[in-house]
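Student: Got a structure for you, questions after.
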Amino acid sequence: MTPLSQLLPGQFGKLASLNPERGVDQRLMALGLLPGMVLKLIRKAPLGDPLAVEFCGQVVSLRLAEAENLIIDVSADCPIQRPRQP
Amino acid sequence: MSSSDAGVLVALVGNPNTGKSTLFNALTGLRQRVGNYPGVTVSRKSGTCDLGDGQKVELVDLPGLYSLAAASPDEQVVIDALSGNIAGDRRPDAVVMVVDATNLLRNLFLASQVAELGLPLVLVLNQADVAQEQGLRIDTELLSRRLGGVPVILTSAWKGEGIPEVRGGLAEALSRRTPMKRVTWPVDIAGALAGVAQAASADTGKAISAADAQRLLFDTNAATAERLGWTLERREKPLRSARERVRNSGYNPMAAEPLVHYAQLRVVLDGVVTEGLGKAGRTAAVDRLLLHRLLGPVLFLGIMLGFFASVFWLAKFPMDWIQLGVDWTKGVVAPPLSPYPMLQSLVADGILGGVGAFLVFLPQILILFLFIGILEDSGYMARAAFIMDRLFSWCGLNGKSFVPMLSGFACAIPSLLSTRTIEDPKARLATAFVVPFMSCSARFPIYALMCAAFIGPLYGPGWESLVMVGMHCVGLVFAVPTAFVLTRLVLKVKPQPFVLELPRYQMPKPRDVVWRMWQNAAEFVSKAGTVIFAITIIVWALSYFPRDASVAERIRAEHPTESAEQVKARVQAAYVEQSYMGRFGKAIQPVFDPLGFDWKITVGVLASFPAREVIVSTLGVTYSVGEGAEADSQDLRKAMQDAKWSEGPRAGTPIFSLAAVLALMVFFALCSQCGPTIATLAQETGGWRWAAGSFVYMTTLAWIVSMAVYQVVIRLT
């Protein structure tokens, strides 16, 4: 179990939990980031923050501080996904 | 005669980056009107859409959004518009829902929320060409059936494909009035929603729609409750018990809505989309380059510098043409009016000057919006924000503040208009507030005059360039702490999380870019333009009246030996001295005395309210070197170098001491002597409150810093 903010670029895993009380997590849920969803840290911005994260066939930028509450299960068995990044 | 007046209103709704605006332009064929929603700075774009069968409807393009759980003013407008809660606007008769065909699941979440409003709906799957390239096959008939029979249409708005089918689908939706199939809520959530609706209805006496009940139960913000007049004391208990019921059934009440929608949408989409062989797009590959750790920032700087240089240099030519055109018109109109000097001056300096005063901004606005259109529609703007965000986030701004702040170094007017690209209202307001601190090109003539007349001759060209560069940084030095304090302590607006989609790269469509550029320019002329014109006329009148002919006669009698030109310059100086502006300047000179300004500089400061650079020509008049003096005028430099205090403790010492020269430049670096900026700030923040606040803050700050500079330097030299 690792917070998304500590993932390395290229690492992926399943979203184990988030905090639905937070505004940022509500936004992400609207974009389809729900528990059980596979997500991948594509890269960090040149200054280390924000992060570019791929899930649900889209790439979204979010700040390190906003990624702390997203707990990722990197050991989960993730089916190899067809590269759906547009 | 259009039947749209009679009243069929259709709303265009969709996620950002779905090609919604392109579809809107294609459907309305640019027969559009742009206005503002009452009370918020969200523009309302609508146009007439022909349904192909002779029927015409009014189509309104609502701001792009991802969810009806409103957090920003843009999103609130969509909810209010769809539920008919906007003053002067009807509830739409139908909805055209635009979704990205390459990502149906995420896009249909919003559609599914909109379905809860029960309106007839057409589902447009846009960017079908890209979906096809990616190898996605979509069974529109199956999707239509699963969604309750709403028309489902594949389009590529960019290529103009599928547009007649959208018109036909809309006609069908309006005649058959088929709503989209709604989500089936689990029993306990349905019960909680019913409970909320009942309690709210009992307390407010209003009918509560299903959509209202969902917003009340699922949202943390209170916008819906406030609109219904459901007070905190009354709603607290029923909402808490309803949320408790949802929680006991196994759902977090804050997560229940997306969980239920997404779970059911997966079932709806099962078998609708089949993935065949296709090309993966190039976006990921381009991002590896443009967002590269080292190359990314280098390319970013290159793109931005090129962009800035274009706004700065390209705009110079049309700006010169406008100036030439205004001067030429003056040359044609003014001579026949010479028997009436007052009328002549009103037309030449007041009216033509006023028209020129806002026309001159148009080239920069058009060029800036051309570039912004290209950056946004191509998808690079989001990347620019991604690269720059870290530099701005600590002081409460975000990566999207960069473009407005950079273009502020050319001119604050187009930059203020470009703050619209910032979604977060708090960051938008803070950015708009600090943009006027950027050292715009209108400050340049003042720095140039002062450096060339005083710094260069006294200290050499090295110091001259150093001071020029330093002056361009003064504003930035004060802007950053201002943003910090403003966002932390003053602005009570809730900050938005900076969640930003990095969309697929795409070729911008020239028609959309040009059209947006034109709309921004037109709005500027009609709103800020009229204010700028009025300011110019008022300042002209204050500097012109009263004008007693005896003044001219006295000057001529006092200087019988001088040339006609010299006498003319003296007369002009005398007229300005005894005009209302001159009298006012003399009266408040004591306020500027601690800064080392004499009454002539004070009048120059006041008269430059329509535009900062006017101080140079005003100094030309008050120092009797004649009208039209520019920063490189040798006469003006000499007159200023020779100017001495005639009375008071400083009598006999030069007015333009090093201390006064630095103080004057610092004052102009920080002050708000720019009527157009204030007018545009008012236009963009939706009222005069922020504009007035900016004026008071900047003027006070300029006075304090300038006074400190003068008092320190005068003691050291």
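Student: With under 25 Å from residue B:30 (Cβ atoms), under 21 Å from the mean Cα position of the chain (by Cα) and outside any loop (DSSP other than H, G, I, E, B) as the only criterion, which of B:96, B:77, B:57 stands out?
Tutor: B:77
Student: Please determine, by comparing only the residues of the stretch A:2-14 that are touching an Asp or Glu at 6+ places or on another chain (Cβ under 7 Å) and farther than 17 Å from residue A:56 by Cα, which one is nearest to the other protein chains (Cβ to nearest Cβ).
Tutor: My answer is A:5.
Student: Mind telling me which of the residues B:592, B:597 ends up being buried (at least 16 other Cβ atoms within 10 Å of the Cβ), in a loop (DSSP other than H, G, I, E, B) and either of a type in the set (A, V, I, L, M, F, W, C) or in contact with a Phe, Trp or Tyr (Cβ under 6 Å, 6 or more places away or on another chain) (or both)?
Tutor: Selected residue: B:597, the only one of B:592, B:597 that is buried (at least 16 other Cβ atoms within 10 Å of the Cβ), in a loop (DSSP other than H, G, I, E, B) and either of a type in the set (A, V, I, L, M, F, W, C) or in contact with a Phe, Trp or Tyr (Cβ under 6 Å, 6 or more places away or on another chain) (or both).
Student: With the requirement that a residue be assigned to a loop (DSSP other than H, G, I, E, B) and touching a Gly at 6+ places or on another chain (Cβ under 9 Å), what does the stretch B:476-506 give you?
Tutor: B:491, B:494, B:495, B:496, B:497, B:498, B:502, B:503, B:504, B:505, B:506
Student: Could you please find all residues in the stretch B:207-236 being modelled with pLDDT of 90 or more and either among the basic types (Lys, Arg) or in contact with a strand residue (DSSP E or B) (Cβ under 6 Å, 6 or more places away or on another chain) (or both)?
Tutor: B:215, B:234, B:235
Student: Let me ask something else about it. So, in the stretch A:35-48, exactly how many residues are touching a helix residue (DSSP H, G or I) at 6+ places or on another chain (Cβ under 6 Å) and either over 23 Å from residue B:399 (Cβ atoms) or crowded, with 19+ Cβ neighbours inside 10 Å (or both)?
Tutor: Residues meeting the conditions: 2.
Student: Sort out which residues of the stretch B:471-508 are within 14 Å of another protein chain (Cβ to nearest Cβ) and either among the β-branched types (Val, Ile, Thr) or free of Cβ contacts under 8 Å to residues at least 24 places away in the same chain (or both), and write them in order of number.
Tutor: Residues satisfying the conditions are B:493, B:497, B:499.
Student: May I pose another question? Give the residue, chosen from B:143, B:119, B:125, that is away from every other protein chain (no Cβ under 14 Å) and more than 34 Å from the chain's Cα centre (by Cα).
Tutor: B:143
Student: Would you check if there is a residue in the stretch B:680-701 being touching a strand residue (DSSP E or B) at 6+ places or on another chain (Cβ under 7 Å) and β-branched (Val, Ile, Thr)?
Tutor: No.
Student: Please enumerate the residues belonging to the stretch B:254-305 that are surrounded by fewer than 16 Cβ atoms within 10 Å (Cβ to Cβ), part of a strand (DSSP E or B) and more than 10 Å from chain A (Cβ to nearest Cβ).
Tutor: Hit for the stretch B:254-305 is B:274, nothing else.
Student: I'd like to verify a number: residues in the stretch B:426-470 that are within 30 Å of residue B:693 (Cβ to Cβ), in contact with a Gly (Cβ under 9 Å, 6 or more places away or on another chain) and free of Cβ contacts under 8 Å to residues at least 12 places away in the same chain, how many?
Tutor: 0
Student: While we're here: Report every pair of residues separated by at least 6 positions or lying on different chains whose Cβ atoms are under 7 Å apart, first residue within the stretch A:37-61 and more than 18 Å from residue B:66 (Cα to Cα), second assigned to a loop (DSSP other than H, G, I, E, B) and of a type in the set (Lys, Arg).
Tutor: Here the result reads A:46/B:293; A:49/A:63; A:50/A:63, each pair linking the stretch A:37-61 to a residue that is assigned to a loop (DSSP other than H, G, I, E, B) and of a type in the set (Lys, Arg).
Student: Taking the condition surrounded by fewer than 24 Cβ atoms within 10 Å (Cβ to Cβ) and within 14 Å of another protein chain (Cβ to nearest Cβ), does residue B:135 pass?
Tutor: Yes.
Student: Only residues that are under 19 Å from residue B:704 (Cβ atoms) and out of contact with any Ser or Thr (no Cβ under 9 Å at 6 or more places or on another chain): list them for the stretch B:474-488, please.
Tutor: B:477, B:478, B:479, B:480, B:481, B:482, B:484, B:485, B:486 - these are the residues of the stretch B:474-488 that are under 19 Å from residue B:704 (Cβ atoms) and out of contact with any Ser or Thr (no Cβ under 9 Å at 6 or more places or on another chain).
Student: Okay, next question. Of a type outside the set (Asp, Glu), free of Cβ contacts under 8 Å to residues at least 40 places away in the same chain and farther than 30 Å from residue B:268 by Cα, is that true of residue B:90?
Tutor: No.
Student: Tell me, which residue of the stretch A:15-31 that is facing chain B (nearest Cβ under 7 Å) and not in a helix (DSSP H, G or I) is surrounded by the fewest Cβ atoms within 10 Å (Cβ to Cβ)?
Tutor: A:21
Student: Scan the stretch B:225-248 for residues that are within 36 Å of the chain's Cα centre (by Cα) and without any contact (Cβ under 8 Å) to a residue 60 or more places away in the chain and jot them down.
Tutor: Across the stretch B:225-248, the qualifying residues are B:225, B:226, B:228, B:229, B:230, B:231, B:232.
Student: What are the residues in the stretch B:678-703 that are within 17 Å of residue B:426 (Cβ to Cβ) and surrounded by 17 or more Cβ atoms within 10 Å (Cβ to Cβ), if any?
Tutor: The answer is B:681, B:684, B:685, B:686, B:690, B:694.
Student: Would you check which residues across the stretch A:41-66 are under 10 Å from the mean Cα position of the chain (by Cα), within 7 Å of chain B (Cβ to nearest Cβ) and not hydrophobic (A, V, I, L, M, F, W, C) and list them?
Tutor: Selection gives A:61 alone.
Student: Residue under question is residue B:712, and the condition is that it be crowded, with 21+ Cβ neighbours inside 10 Å and either assigned by TED's automatic domain parsing to the domain that holds residue B:573 or acidic (Asp, Glu) (or both); does it hold?
Tutor: no
Student: To continue, here is another question. Does residue B:511 satisfy the condition of being part of a helix (DSSP H, G or I), in contact (Cβ under 8 Å) with a residue 60 or more places away in the chain and over 22 Å from residue B:668 (Cα atoms)?
Tutor: yes
Student: Out of all the residues in the stretch B:175-194, which are in a helix (DSSP H, G or I) and modelled with pLDDT of 95 or more?
Tutor: B:187, B:188, B:189, B:190, B:191, B:192, B:193, B:194, listed by residue number.
Student: Search the stretch B:224-251 for residues being within 14 Å of another protein chain (Cβ to nearest Cβ) and surrounded by 15 or more Cβ atoms within 10 Å (Cβ to Cβ), and hand back the single one that is nearest to residue B:108 (Cα to Cα).
Tutor: Looking at residues that are within 14 Å of another protein chain (Cβ to nearest Cβ) and surrounded by 15 or more Cβ atoms within 10 Å (Cβ to Cβ), I get B:251.
Student: For the stretch B:638-656, enumerate the residues that are over 22 Å from residue B:446 (Cα atoms) and surrounded by 14 or more Cβ atoms within 10 Å (Cβ to Cβ).
Tutor: Within the stretch B:638-656, B:650 is the sole residue that qualifies.
Student: Restricting to the stretch B:519-561, what's the tally of residues that are touching a residue at least 24 places away in the same chain (Cβ under 8 Å) and not polar (S, T, N, Q)?
Tutor: Qualifying residue count, the stretch B:519-561: 24.
Student: Before we move on, is residue B:336 part of a helix (DSSP H, G or I) and free of Cβ contacts under 8 Å to residues at least 12 places away in the same chain?
Tutor: yes
Student: May I ask you to list the residues in the stretch B:636-665 that are free of Cβ contacts under 8 Å to residues at least 24 places away in the same chain and in contact with a helix residue (DSSP H, G or I) (Cβ under 8 Å, 6 or more places away or on another chain)?
Tutor: B:654
The values are calculated or read from the model by the stated rules, or taken from the named source; none is laboratory data. Owing to the predicted nature of the structure, the values given are computational and were not obtained by experimental measurement. Note that we place each Cβ from the backbone using ideal geometry, even for glycine, and neighbour counts take in every protein chain shown.
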